[in-house]
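Contents: one structure, followed by commentary.
The values are calculated or read from the model by the stated rules, or taken from the named source; none is laboratory data. These numbers were taken from a predicted model, which means no experiment stands behind them. Cβ atoms come from the backbone with ideal geometry, glycine included; neighbour counts cover every protein chain shown.
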Amino acid sequence: MKSLGIKRKTKTKYKPILKNNKTWPVMQMAKKRKEFVHLVTEESFDNLLELRRGKSLKEELEMTIFRERQRVKNNPWKVDPDDDYSYWEGQNEKLVGVDALPEEEQEPRLKEILRDVVDRYSNEIAGHFNPSHYNVTRTLVTIGFGRLLNAARVKGPWSVFSNQLDLDDKIHVKGKLDELRKLAKIGTVVMVPTHYSNLDSVLIGWVIQHLGLPPFIYGAGLNLFNLKIFAYFMNSVGAYKVDRRKKNPLYLETLKSYSTIAIREGCHSLFFPGGTRSRSGKIEKSLKLGLLGTAIEAQRQVFQSEEEDQNKVFVVPVAINYHFVLEAPSLINDYLKRKGQQRYYEENDEFTTSYKISKFLLKFFTKGSDISVSIGDALDVLGNHVDAKGNSLDKQGEVIDIKDYFKSNGEVTENHQREQEYNRILGKKIVEEYHKHNRVFSSHLVAYVAFRMLGRIHKHLDLYGLLRLQDDDLVIDYEVFKKQFVVILDELKKLNAQNEVGLADHLLGDIDGVITHGLKNLGMYHAVIPVVKNKKGNIKVQSMNLLYYYHNKLQGYDLEKFF
């Protein structure tokens, strides 16, 4: 067969760290799903009775049931249970009837309603891991995506059957890979990626199996289960469901208990601490510390147990990078409209039908744009770095025993205020790791330089004034742009040498080639390409909103002072 002239890079094939799927922690949990859900219900029930914060149980239930009835009426989803309306109406009738009972029977009836609601939440949240479905899904994702990639890169009628290229030609997994594999053998890993796209969950799922790791449990947004493609994938890998419409304490406590118990029982876990996709395109700075705190709580509970073999919990930040994000137009528009306000976000983007997702995936893989997934330095639950043996290290690199940090008077004790402070420290450390392991792409740099140059030219305008610039003001002389591009790239290289940011390999080529590469890849799928070269060869901005979104990926490195 004649060579197609495609040079493949040398690749590492990772063997599974646990060959027998019966030993997978998530498999053990799935086998005892009924008992696990019952445990979540009971621990959530006990916690809620203890943490009422001065409110009566009746008040908590009234607020929860009122909110749920409003949700069912005003914001129903296809994925909601068929009996959603009748269930909450029934609970409301039970609650109304409590006042008619003798006083000594009221508290027991309220507790009965509480346990029933929490049990419903526990069953809604719990995943349905199936090893045979998992293997089928894993094969479909790997082969299916790989075939799409070959159809794009290898020409000819038999291209879809070619093995010339596979997914690790497309998805570049970088960072502390061997360390992650070692830690997954000796402890429980909690992976915390950045979050930009609904594609992230599928991507991280592929990375996990590519590295030979056993399946992780996911906290996946319930809205994804509205879509058949994502619903099948999420159910296959045992994702547990997170319904962001539900903000009441009963639901949030049940969700936290589910995550805590799973981690405590040794299930590797994954959740996005940013909470939702980054609407601005920035690397997350303000993390949602609720689920993150479950790693700390699980570690303390492990230390409190009398078991000799006590698992250590390792938190592994992961930085995801795309040249373009499918949902960027709707995300940035939402961010700009609601900047500074915490409101309910109605899902309204391009991931609305399975057909649109399929069309996107086809175009994504046939466009030839790369993805980067950077595995960061592993941390313990207090934010200390750990070595490959799982030892916690202080700032001087000395080994420390973090169990001591959970003790009072020589005993491991529960202290919410202390653990909240540990959680804040851990969140801050994760954000630092995100910035360190973020890999700058040519597209990010083109967007950053173009937006900042326009901001410098029109420095009398605020953000919204810049976004309203007219066509005549959206052209930058190419040679002036190139000169500024070189300045910022040189500063990024200095930061890279200090291990403060990562750089994609394609940034090290000829400058004109790097800029062309960035222009080609920036927002390539969008109806309006953010930046192009005009007929005169100058830089022409066509969408300031999208340019702002992609520019934001380089916020936080103090590069503004070089303009």
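The set of residues in the range 306-318 that are surrounded by fewer than 23 Cβ atoms within 10 Å (Cβ to Cβ) and touching a residue at least 40 places away in the same chain (Cβ under 8 Å) comprises Asn311, Lys312. The residues listed here are Lys241, Lys247; of these, the one that is farther than 26 Å from Phe314 by Cβ and not in a helix (DSSP H, G or I) is Lys247.
Among residues of the range 14-32 being outside any helix (DSSP H, G or I) and either under 25 Å from the mean Cα position of the chain (by Cα) or modelled with pLDDT of 85 or more (or both), the one that is surrounded by the fewest Cβ atoms within 10 Å (Cβ to Cβ) is Lys15.
When the range 528-563 is filtered for residues that are surrounded by 15 or more Cβ atoms within 10 Å (Cβ to Cβ) and part of a helix (DSSP H, G or I), the ones remaining, listed by number, are Met544, Asn545, Leu546, Leu547, Tyr548, Tyr549, Tyr550, His551, Asn552, Lys553, Leu554.
Which members of the range 518-527 meet the condition of being surrounded by 15 or more Cβ atoms within 10 Å (Cβ to Cβ), of a type outside the set (D, E, K, R) and at pLDDT below 95? Write out each step before concluding.
Taking the range 518-527 and keeping what is surrounded by 15 or more Cβ atoms within 10 Å (Cβ to Cβ), we get 518-526.
Checking which are of a type outside the set (D, E, K, R) leaves us with 518-519, 521-526.
If the condition is that a residue be surrounded by 15 or more Cβ atoms within 10 Å (Cβ to Cβ), of a type outside the set (D, E, K, R) and at pLDDT below 95, then Asn521, Leu522, Gly523, Met524, Tyr525, His526 are the ones that fit.
Of all residues in the range 74-87, those satisfying the criterion of being of a type in the set (Ser, Thr, Tyr) and in contact (Cβ under 8 Å) with a residue 12 or more places away in the chain are Tyr85, Tyr87. Among the residues of the range 33-41, is any among the basic types (Lys, Arg), assigned to a helix (DSSP H, G or I), surrounded by fewer than 19 Cβ atoms within 10 Å (Cβ to Cβ) and on the phi < 0 side of the Ramachandran plot? Yes, the conditions are met somewhere in the range 33-41.
Scan the range 413-452 for residues that are surrounded by 20 or more Cβ atoms within 10 Å (Cβ to Cβ) and more than 19 Å from Val192 (Cα to Cα) and the total you get is 12.
When Val487 is tested against (1) in contact (Cβ under 8 Å) with a residue 60 or more places away in the chain; (2) over 27 Å from Val373 (Cβ atoms); (3) not in a helix (DSSP H, G or I), just one condition goes unmet, and that condition is (3). For the range 390-398, the count of residues that are surrounded by 13 or more Cβ atoms within 10 Å (Cβ to Cβ), of a type in the set (Lys, Arg), out of contact with any strand residue (DSSP E or B) (no Cβ under 7 Å at 6 or more places or on another chain) and outside any strand (DSSP E or B) is zero.
Answer yes or no: is there a residue in the range 71-85 that is hydroxyl-bearing (Ser, Thr, Tyr) and within 25 Å of Asp46 (Cα to Cα).
The first filter runs over the range 71-85 and keeps only residues hydroxyl-bearing (Ser, Thr, Tyr), leaving 85.
After this cut, where a residue has to be within 25 Å of Asp46 (Cα to Cα) as well, the list is none.
Within the range 71-85, none of the residues are hydroxyl-bearing (Ser, Thr, Tyr) and within 25 Å of Asp46 (Cα to Cα).
Go through the range 490-514 and give me each residue that's part of a helix (DSSP H, G or I), without any contact (Cβ under 8 Å) to a residue 40 or more places away in the chain and of a type outside the set (Val, Ile, Thr). Even if it seems obvious, please write down each step before you answer.
Of the range 490-514, the ones part of a helix (DSSP H, G or I) are 490-497, 505-508, 511-514.
With the extra rule that they be without any contact (Cβ under 8 Å) to a residue 40 or more places away in the chain, the set shrinks to 490, 493-494, 496-497, 505, 508, 511-513.
Within the range 490-514, Asp490, Lys493, Lys494, Asn496, Ala497, Asp505, Leu508, Asp512, Gly513 meet the criteria.
If you go through the range 186-223 and keep only what is farther than 20 Å from Lys312 by Cβ, part of a helix (DSSP H, G or I) and β-branched (Val, Ile, Thr), you end up with Val202, Ile204, Val207. Residue-level check: of (1) farther than 25 Å from Glu50 by Cβ; (2) touching a Ser or Thr at 6+ places or on another chain (Cβ under 9 Å), Leu393 misses just (2).
Is the range 394-415 home to any residue that is under 26 Å from the mean Cα position of the chain (by Cα) and at pLDDT 95 or above? Show your work before the answer.
Residues of the range 394-415 under 26 Å from the mean Cα position of the chain (by Cα): none.
Within the range 394-415, none of the residues are under 26 Å from the mean Cα position of the chain (by Cα) and at pLDDT 95 or above.
Filtering the range 52-73 to residues that are touching a residue at least 60 places away in the same chain (Cβ under 8 Å) and either in the same structural domain as Leu252 (by TED's automatic domain parsing) or acidic (Asp, Glu) (or both) leaves Glu60, Glu68. Taking residues in the range 372-385 that are assigned to a loop (DSSP other than H, G, I, E, B), and partners anywhere that are of a type in the set (Lys, Arg) and modelled with pLDDT of 95 or more, the pairs with Cβ atoms closer than 6 Å and at least 6 places apart or on different chains are Gly383/Lys429.
Note on the range 121-135: residues that are in contact with a helix residue (DSSP H, G or I) (Cβ under 7 Å, 6 or more places away or on another chain) and modelled with pLDDT under 85 total 6.
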